[in-house]
1. At pLDDT 90 or above, in contact with a His (Cβ under 8 Å, 6 or more places away or on another chain) and under 25 Å from residue 145 (Cβ atoms): does that describe residue 220?
2. Would you confirm whether or not region 41-53 contains a residue that is in contact (Cβ under 8 Å) with a residue 40 or more places away in the chain, of a type outside the set (Val, Ile, Thr) and within 19 Å of residue 153 (Cβ to Cβ)?
3. Looking at 102, 56, 89, can you tell me which residue is exposed (fewer than 10 other Cβ atoms within 10 Å of the Cβ) and on the phi > 0 side of the Ramachandran plot?
4. Which pairs do you get when a residue that is touching a residue at least 60 places away in the same chain (Cβ under 8 Å), found in region 185-197, comes within reach of a residue that is aromatic (Phe, Trp, Tyr) and assigned to a loop (DSSP other than H, G, I, E, B), reach meaning Cβ atoms under 7 angstrom, with the pair 6+ apart or on two chains?
5. Counting only residues that are closer than 21 Å to residue 29 by Cα and either in contact (Cβ under 8 Å) with a residue 40 or more places away in the chain or surrounded by fewer than 17 Cβ atoms within 10 Å (Cβ to Cβ) (or both), how many does region 228-255 have?
6. Within region 153-258, considering only helices (runs of 4 or more DSSP H) that don't extend past its boundaries, which have at least 1 residues that are touching a Ser or Thr at 6+ places or on another chain (Cβ under 9 Å)?
7. If you scan region 81-124, which residues turn out to be hydroxyl-bearing (Ser, Thr, Tyr) and over 19 Å from residue 46 (Cβ atoms)?
Amino acid sequence: MSGLRLMAVHAHPDDESSKGAATMARYAAEGHEVLVVTLTGGERGDILNPAMDIPGIADRMSEVRKEEMAAAAAILGVRQTWLGFVDSGLPEGDPLPPLPEGCFALVPLEISTEALVKVVRDFKPHVMTTYDEKGGYPHPDHIRCHEVSVAAYEAAGDAEKFPDAGEPWTPSKLYYSHGFIRKRMQLFNDEAEARGVKPGPFTEWLARWGTERDQIMERITTQVECAEYFPVRDEALRAHRTQIDPNGQFFSMPMDVQQKLWPTEEYELARTRVRTSIPENDLFAGLEES
């Protein structure tokens, strides 16, 4: 083992497989310790794979999603733990309905931060990853995940904060993962259309995305080459059978095309306590192995 540790903080089971999964698989394969912290159980997730919309699934969704998460973690070669909060669901309507009582997004920030600080102090990550201030997309749990992760990154090393949550540990770097980048999706869509697929598989996505998606590449500081692990990422995604349709858009581009056109996963260095040079190609840049 190298002694370097990476903690990826995610809102729901399946988020870890759609955001930074190939990076985690690469680092785990290289001998680093990788821990996925899943903040909620994903209990309110819809069944998005028609093949899984069968009797006995919806009424045991909590158990099913735990089983799926265990399978995905094994495929990626990472450890995983639950923080134990309840999925808030994605409110829909105009006006939006109130969030369900007791859900993660309504838990006081102090409580959820202390729970994550305890995991940070136990695992002692050198690097943490999470979502940006918009959550990657505006799900209340994703936005709360950002807030909790940043608060825990700041508090974990402070002995005066949460004294009952273990011995202080100071993570060195915090990154925001950026998976759904317009430039990447446009490149794939253009390639598909050049191969005769019209409209391209991501035409509707691109039309829906606002102009803020155009600026994400300007925020990227770190591109981790991990194309070798894209098949592992996809296998982990498919393990989330209720959430991922194996015939869906996630898998519409041939693997060799993805690996050739865009062989990296993207991150934004949000905070650092070590000196590093931008741009980076390694989340552990600036850290010495111990």
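The values are calculated or read from the model by the stated rules, or taken from the named source; none is laboratory data. Bear in mind that the values here come from a model prediction, so they are computed numbers and not experimental data. No Cβ is skipped: glycine too gets one built from the backbone with ideal geometry, and neighbour counts run over all protein chains shown.
1. Numbers: at pLDDT 90 or above: yes; in contact with a His (Cβ under 8 Å, 6 or more places away or on another chain): yes; under 25 Å from residue 145 (Cβ atoms): yes.
Yes.
2. no
3. On the way: 102 fails: exposed (fewer than 10 other Cβ atoms within 10 Å of the Cβ); 89 fails: exposed (fewer than 10 other Cβ atoms within 10 Å of the Cβ).
Exactly one of 102, 56, 89 is exposed (fewer than 10 other Cβ atoms within 10 Å of the Cβ) and on the phi > 0 side of the Ramachandran plot, namely 56.
4. Hits for this filter: 187/262; 188/202.
5. 11
6. On the way: elements: 182-194, 203-208, 216-219, 230-239.
Where helices (runs of 4 or more DSSP H) fall fully within region 153-258 and carry at least 1 residues being touching a Ser or Thr at 6+ places or on another chain (Cβ under 9 Å), they are 182-194, 230-239.
7. Kept after step one, since they are hydroxyl-bearing (Ser, Thr, Tyr), are these residues of region 81-124: 81, 88, 112-113.
Result: 81, 112, 113.
Residue-by-condition table, conditions (1) in contact (Cβ under 8 Å) with a residue 12 or more places away in the chain; (2) closer than 13 Å to residue 8 by Cα; (3) in contact with a helix residue (DSSP H, G or I) (Cβ under 7 Å, 6 or more places away or on another chain); (4) surrounded by 15 or more Cβ atoms within 10 Å (Cβ to Cβ):
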residue	(1), (2), (3), (4)
118	yes, no, yes, yes
121	yes, no, yes, yes
144	yes, no, yes, yes
152	yes, yes, yes, yes
173	yes, yes, no, yes
